[in-house]
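No value in this document is a laboratory result; all are computed from the given coordinates. A quick note: this is a predicted structure, and the numbers were derived from the prediction, not measured. Heads up, the Cβs are rebuilt from the backbone with ideal geometry, glycines too, and the neighbour counts pull from every protein chain shown.
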Amino acid sequence: MTSSDAKSYQSDLRPVWCPGCGDYGVLAALCQALAALKIPHEALVVVSGIGCSSRMPGYIHSYGFHSIHGRAIPLATGIKLARPDLTVLVTMGDGDAYGIGGNHFLHAARRNLDLTCIIMNNQVYGMTKGQVSPTTPYGDRTSTTPYGSIEPPVHPLLLALAAGATFVARGASWEAKHLAALMAEGIRHRGFSVIDVLSPCVTFRPEDLAYWKERTRTEDISPAHDRLDALHRVFIDGGRTLGLIYQEGRPTYWDEWTAKVPVARARPAGPTGLDAIVAGLSRGRPRG
């Protein structure tokens, strides 16, 4: 893989994130991962919600869908079930994934949908001017918690493990090579992949980059098949380990569906999808 290979996955649009934003590192790592996997541009779909991180589809040379806040996973689910041959990525922020879209996140994990979720976790709502988010640490001051947050934060890795995700990892925007390898493994994994990426907000949480750099450590990407052990390790170290936390091979939602529902095994003859709906409407209904 050469730098030109990775660059071919970048669109002509210039990112408009704040200078120094961690999302630049995430974009670079994602392009490296896609180049390593050699995924055809026409076989790739990037779906996002709303937020700084959710600008990602515009910066990737592929199909993309910029959806509404918290609803990226349902839209990605529809795309993947309609076209299981496509590689579908979901790019979100922590508020988008764990807050407004938290319910969708839980059920996608338990269903083991074949999606890769890349979540840029900056512990704040950055695009809307620094409000408290689900992952903001207890006691931290934000624009909506001037006296300090009184809410215990969501722990993304524990949440993903408990909900049933079959690939759980944590990366960091400043560790681009390591993050690219994690992303490649997550995309290659067949099932619901969660990659929580520490991506500090330089505007509303400028101290976070130094804080996390001092406290995190990278690990070699190696198999981790014990969910209870993964839960224990994450609980003990607070998510300071960057690497693969857990991976499990089990049937995806599509595998279960095609195995148990005969109609899913083959496409019916004649018009399908929108064509079938239009054909049905054109015939009209018998009048009673």
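Please indicate, with yes or no, whether at least one residue in the range 217-236 is within 22 Å of Lys80 (Cα to Cα), touching a Leu at 6+ places or on another chain (Cβ under 9 Å) and acidic (Asp, Glu). So that I can check it myself, show each step before the final result.
Taking the range 217-236 first, the residues within 22 Å of Lys80 (Cα to Cα) are none.
Within the range 217-236, none of the residues are within 22 Å of Lys80 (Cα to Cα), touching a Leu at 6+ places or on another chain (Cβ under 9 Å) and acidic (Asp, Glu).
Out of everything in the range 204-228 that is assigned to a loop (DSSP other than H, G, I, E, B) and among the polar types (S, T, N, Q), what residue ends up being nearest to Lys129 (Cα to Cα)?
Thr216
Counting only residues that are among the hydrophobic types (A, V, I, L, M, F, W, C) and assigned to a loop (DSSP other than H, G, I, E, B), which one in the range 133-171 is nearest to Gly51 (Cα to Cα)?
Filtering the range 133-171 for residues that are among the hydrophobic types (A, V, I, L, M, F, W, C) and assigned to a loop (DSSP other than H, G, I, E, B), the one nearest to Gly51 (Cα to Cα) comes out as Val154.
With the requirement that a residue be in contact (Cβ under 8 Å) with a residue 60 or more places away in the chain and over 14 Å from the mean Cα position of the chain (by Cα), what does the range 83-121 give you?
Pro84, Arg111
Against the conditions (1) part of a loop (DSSP other than H, G, I, E, B); (2) farther than 18 Å from Asn121 by Cα, where does Gly239 fall short? Just the number, please.
It fails just one condition, (2).
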